Amino acid sequence: MFMPKLIMIIFFLSGSVQANDETYQALGAPIDQTISHPELNLTIFPDGTGLPEGSGSVAQGKQLFNRLCISCHGQGGRGGSAMALTGDIGSLNSAYPEKTVNSFWPYATTLFDYIRRSMPPSAPFSLSSNEIYALCAYVLSQDAILDENAVLDKTTLPQVKMPNRDGFLPR
Amino acid sequence: MEKHHKSRRQFLQHSALSGVAMMTSLPILASELTKNKVSTLSSSMLKPGGEFSNYGTPSPYEKEVIRWISANSDVPGNGVSWTPLHELQGTITPNGLHYERHHNGVPDINPDTHNVVIDGLVDKPLNFSIHHLLRYPQHSRICFIECGGNSNENYKTSPSQASAGYAHGLVSNAEWTGVPLALLLNEAGIQSSAKWVIAEGADAGALNVSIPIDKLLDDGLLALYQNGERLRPENGYPVRLIVPGWEGIVNVKWLRQLKLSASPAMTRDETSQYTDLQPDGKAQQFSFEMQVKSLITSPSVGMTLPDNPGTYQVTGLAWSGIGKISRVEVSADGGQTWQDALLQEPILDKAFTRFSIAWQWHGQYAILQSRATDESGQIQPTREVLIANRGKYSYYHYNAIISWEVDELGDIHHVYA
């Protein structure tokens, strides 16, 4: 298992010189630029980088939501055993601030990123891209961030302006 | 008499445990041989003891020293478990008691097939197997990890009466061993436009967060070992990130990928969560460093002082995500007067420091508090100041002074003072 090169290094060390670049073996295996590996591009950036092909409408999203999400997030995403996803826009500086996707999240791309990797909890990565676009459209339509006829895809999702886009103070 | 039993177990009110303590210390008569002598011997001396074990577990008499689990009713793998800080001494958290925060359960990962990929803005994307990572020079450091949401019950209007660890124990301290990230990032070749690293886990939720690359180059560690043994599954087996002093969420467990990028990804766990909402409706983002904090672990809420008058060792933990602890003061009068506590050596950077001070109690009403200062000069604020500065809905990064009220009977409660 140990390569001759290592043995050489041991001799080298016993020669008592310190040379960092020679005291260990670089073992990372080079791989192709990973752009062509979808499983290594799961993260979606606010500019839409990483978003897949496909599209989904509010109407499709409503059906999916009522089938897959309502049990924990409640009717229209207003909250249940898991947090509310919708409602409470404008509440952040009030006496009872509520942080929902629609009231708090700065970017709609995060919704696609998070639903794909995490929801529903019993089956992460089980939804198709079309279904995820549809669910995003439905959630956003609940507070009129999108209208009832909206369709989302990789061009339109990053263009959605969230109500609290400017609400964050990065360090 | 009843109060006397409590003292056998750090003043705790577990009647079952006091019963056990009495049984084992009860002297029994030995054999005919010793009968004529005055001495009596404990039963453990009169028969052979138990067997060897391949992997040791705590004494059965310690079975109440456990993590406290609090999880979502519909998603049992989403929640936390708290380190019982009030039951522990020293500074190193035993591996079975390190706090947990999982978003969707503890994944079962075979190290033979697990890899960590470094890609994005690098010259050479690289893939590291666990077996290869184990052959790199291993670096060890002791540091705490604290969940950004630790102690957040204290933002609420009425003080929780949970045991100290079960309200403040989303923080633990361990020796982590692994490969310095600088080594691996440099092996891949960092491009000059790379400012952030998107770290992703292999859990059922593929948790992802963005971390400034400078911090990872400074002291980030790809940890493979925890207190000398390979990571526990619930702490990221087979490999996790250690980002010393920074909030727990960025110490990504079950690490599968580090993608270098020019800007942060604005993931759910750095926007929706772990940001500090201010009264004006704006939220502080990327508030990574855990601020200076301390906690008296004993005597603490839920305990009763057994002797009046009595001398007690007031002891606890202090830590700071900015550096070393330079001073811990203790007050018995709700912060009117303070005395310096003794700090146990070694005092390490971004690690637990144990403090202690003797205290004479003679039945007086008291409010015990500790106040830590770190080497940068930061002093732990009072709750009043913290809430005045940050509001009631900040939710994260709570580091205010914690107050234990001792009443005339010696019973201890959590109060806001």
Okay, helices (runs of 4 or more DSSP H) sitting entirely in the range A:48-153 with 1 or more residues that are among the hydroxyl-bearing types (Ser, Thr, Tyr), I get A:70-73, A:101-104, A:109-118, A:129-141
Given (1) farther than 30 Å from A:Asn93 by Cα; (2) free of Cβ contacts under 8 Å to residues at least 24 places away in the same chain; (3) of a type in the set (Val, Ile, Thr), B:Val385 misses just (1)
Taking the range B:100-124 and keeping residues within 11 Å of chain A (Cβ to nearest Cβ), polar (S, T, N, Q) and either assigned to a strand (DSSP E or B) or without any contact (Cβ under 8 Å) to a residue 12 or more places away in the chain (or both) leaves B:Asn115
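This table checks each residue for (1) within 14 Å of another protein chain (Cβ to nearest Cβ); (2) of a type in the set (S, T, N, Q); (3) free of Cβ contacts under 8 Å to residues at least 40 places away in the same chain.
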site	(1), (2), (3)
B:Val75	yes, no, yes
B:Asn78	yes, yes, yes
B:Pro84	no, no, no
B:Leu97	no, no, no
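Looking at the range B:142-190, which of the residues that are part of a strand (DSSP E or B) and of a type in the set (Gly, Ala, Ser) is nearest to the chain's Cα centre (by Cα)? Talk me through it step by step, then tell me what you get.
Restricting attention to the range B:142-190, the residues satisfying the condition of being part of a strand (DSSP E or B) are B:142-146, B:171-180, B:190.
When the remaining residues are screened for being of a type in the set (Gly, Ala, Ser), the result is B:172, B:174, B:178.
Values: B:Ser172: 2, B:Ala174: 9, B:Gly178: 20 Å.
If we take residues in the range B:142-190 being part of a strand (DSSP E or B) and of a type in the set (Gly, Ala, Ser), then B:Ser172 is nearest to the chain's Cα centre (by Cα).
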In the range B:238-268, anything farther than 27 Å from A:Ala95 by Cβ, part of a helix (DSSP H, G or I) and touching a helix residue (DSSP H, G or I) at 6+ places or on another chain (Cβ under 9 Å) is listed as B:Ile249, B:Val250
Filtering the range B:267-285 down to residues that are within 7 Å of another protein chain (Cβ to nearest Cβ), under 26 Å from B:Val106 (Cα atoms) and crowded, with 22+ Cβ neighbours inside 10 Å yields B:Thr267, B:Arg268, B:Thr271, B:Thr275
In the range B:69-88, residues that are over 17 Å from B:Ile145 (Cα atoms) and not in a helix (DSSP H, G or I) total 10
The correct count of residues that are in contact with a Pro (Cβ under 9 Å, 6 or more places away or on another chain) and hydroxyl-bearing (Ser, Thr, Tyr) in the range B:209-250 is 2
Could you say whether any residue in the range B:145-153 is among the charged types (D, E, K, R) and either farther than 30 Å from B:Ser403 by Cα or surrounded by fewer than 20 Cβ atoms within 10 Å (Cβ to Cβ) (or both)? yes
Legend entry - Some residue of the range A:59-78 being in contact (Cβ under 8 Å) with a residue 12 or more places away in the chain, within 12 Å of chain B (Cβ to nearest Cβ), of a type in the set (A, V, I, L, M) and touching a helix residue (DSSP H, G or I) at 6+ places or on another chain (Cβ under 8 Å): no
Test: residue in the range A:106-114 that is farther than 18 Å from A:Arg78 by Cα and more than 16 Å from the chain's Cα centre (by Cα): no
Of the residues in the range A:136-171 that are among the hydrophobic types (A, V, I, L, M, F, W, C) and away from chain B (no Cβ under 14 Å), the one that is nearest to A:Pro52 (Cα to Cα) is A:Leu152
Flag for B:Asn127 being assigned to a loop (DSSP other than H, G, I, E, B) and either away from chain A (no Cβ under 11 Å) or within 23 Å of B:Asp203 (Cα to Cα) (or both)
no
Those residues of the range B:191-210 which are part of a loop (DSSP other than H, G, I, E, B) and within 7 Å of another protein chain (Cβ to nearest Cβ) amount to B:Ala204, B:Gly205, B:Ala206
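Answer yes or no as to whether B:Ala202 is surrounded by fewer than 22 Cβ atoms within 10 Å (Cβ to Cβ), assigned by TED's automatic domain parsing to the domain that holds B:Pro125, within 17 Å of B:Leu260 (Cβ to Cβ) and at pLDDT 95 or above.
Taking the combined requirement at face value, the residue does not satisfy it.
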Across (1) more than 26 Å from B:Leu317 (Cα to Cα); (2) at pLDDT below 95; (3) surrounded by 10 or more Cβ atoms within 10 Å (Cβ to Cβ), B:Leu17 clears everything bar (1)
B:Asp219 passes all but one of the listed conditions (1) more than 14 Å from every other protein chain (Cβ to nearest Cβ); (2) buried (at least 22 other Cβ atoms within 10 Å of the Cβ); (3) farther than 29 Å from A:Ile115 by Cα; the exception is number (2)
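So, in the range A:21-43, exactly how many residues are surrounded by 15 or more Cβ atoms within 10 Å (Cβ to Cβ), assigned to a loop (DSSP other than H, G, I, E, B) and either in contact with a Cys (Cβ under 9 Å, 6 or more places away or on another chain) or at the interface with chain B (Cβ under 7 Å from one of its Cβ atoms) (or both)?
As a first pass, look at the range A:21-43 and keep what is surrounded by 15 or more Cβ atoms within 10 Å (Cβ to Cβ): A:24, A:27-28, A:31, A:34, A:40-43.
Retained after the next criterion (residues that are assigned to a loop (DSSP other than H, G, I, E, B)): A:24, A:27-28, A:31, A:41-43.
Within this subset, residues satisfying the condition of being either in contact with a Cys (Cβ under 9 Å, 6 or more places away or on another chain) or at the interface with chain B (Cβ under 7 Å from one of its Cβ atoms) (or both) are A:24, A:27-28, A:31, A:42-43.
The number of residues fulfilling the criteria is 6.
So is B:Gly335 on the phi > 0 side of the Ramachandran plot and either among the charged types (D, E, K, R) or in contact (Cβ under 8 Å) with a residue 40 or more places away in the chain (or both) or not? Break it down into steps so the answer makes sense when it comes.
Numbers: on the phi > 0 side of the Ramachandran plot: yes; either among the charged types (D, E, K, R) or in contact (Cβ under 8 Å) with a residue 40 or more places away in the chain (or both): yes.
Here the answer is yes, as B:Gly335 does meet what is asked.
The values are calculated or read from the model by the stated rules, or taken from the named source; none is laboratory data. Note that the structure is a prediction, hence the values are computed from the model and not measured. Because the Cβ atoms are built from the backbone with ideal geometry, glycine has one as well, and the counts that use them run over all protein chains shown.
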